[in-house]
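The values are calculated or read from the model by the stated rules, or taken from the named source; none is laboratory data. Note that the coordinates shown come from a computational prediction; the quantities given were computed from them, not determined experimentally. Methodologically, a virtual Cβ is constructed for each residue, glycine included, from the backbone with ideal geometry; neighbour enumeration extends over all protein chains shown. These area figures cover heavy atoms from the full protein model, side chains too; ligands, DNA and RNA do not enter into them. Shrake-Rupley method; radii C 1.70, N 1.55, O 1.52, S 1.80 Å.
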Amino acid sequence: PAHRAVRRARDYLHEHHAAAVTLADLARVSELSPYHLTRLFTADVGMPPHAYQLQLRVEHAKRLLLSGRPVSDAGHEAGFFDLSHFTRHFKRFVGVPPGTYARKNVHSPAGSAP
């Protein structure tokens, strides 16, 4: 099972995925030093806290894109500060840029051309 401090840090990241969460914030929530938290978090989750937060943001953005939100709105709402930052991280995690992902995965209305 996840170490209690790691679980608290993960819960905090889920609740604040779009916010600018610092390692100091997570250390405070988890009641560990930033270095100890990073080591435990990485060992338990497989990636450091910042990468985990980026993954959460990308997953949120994917849901927004699938619901039909424009790329720029999805990136901003997911917590990315500009379109290039969003596109770079989205492509790194998903393998394609957000616009391509949206076009390939959003179903067109019934009866319309593909």
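Rg/Rh for the chain stands at 1.08; both radii use Cα atoms, and Rh follows the Kirkwood definition. Per residue, the chain exposes an accessible area of 60 Å² to a 1.4 Å probe, with every protein chain left in place. For labels at residue 91 and residue 39 in the simple 7 Å Cα→Cβ model, what's the distance in nm? For residue 91 paired with residue 39, the spin-label model returns 3.7 nm. Considering only 27, 98, 51, the residue lying farthest towards the positive end of the dipole of the chain is 98, judged by Cα position with unit charges set on Cβ. Take the Cα of residue 59, step 7 Å toward its Cβ, do the same at residue 4, and the gap between the two points is 2.5 nm.
Applying a DSSP loop filter and a limit of 11 other Cβ atoms within 10 Å to the chymotrypsin sites (Phe, Trp or Tyr not before Pro) in the stretch 22-111 leaves 81. Within the shell defined by Cβ-Cβ distances under 9 Å, the residues around residue 30 carry a net charge of +3, with Lys and Arg each +1 and Asp and Glu each -1. With a 1.4 Å probe and every protein chain kept in, tell me what percent of the accessible surface of the chain is carbon plus sulfur. Result for the chain: 57 percent of the exposed heavy-atom area is carbon or sulfur.
Among the GluC sites (Glu not before Pro) in the stretch 1-65, those placed in a DSSP loop whose Cβ has at most 16 other Cβ atoms within 10 Å are 31. Other residues whose C-beta falls under 15 angstrom from the C-beta of residue 88 contribute a net charge of +2, scoring Lys and Arg +1 and Asp and Glu -1.
Once the C-beta distance of residue 72 and residue 24 is scaled by a Förster radius of 30 Å, the resulting FRET efficiency is 0.50 to the nearest 0.05.
Karplus-based coupling profile of the stretch 3-20, in residue order and whole Hz: 4, 4, 5, 5, 4, 5, 5, 5, 4, 4, 5, 5, 6, 10, 4, 8, 8, 7, with θ = phi - 60° in 6.51 cos²θ - 1.76 cosθ + 1.60 and x standing for Gly or Pro. Taking the chain as the reference, fit the longest principal axis to its C-alpha atoms, fit the long axis of helix 83-94 to the helix C-alpha atoms, and give the angle between the two in degrees, 0 to 90, nearest 10. So the inclination is approximately 80 degrees.
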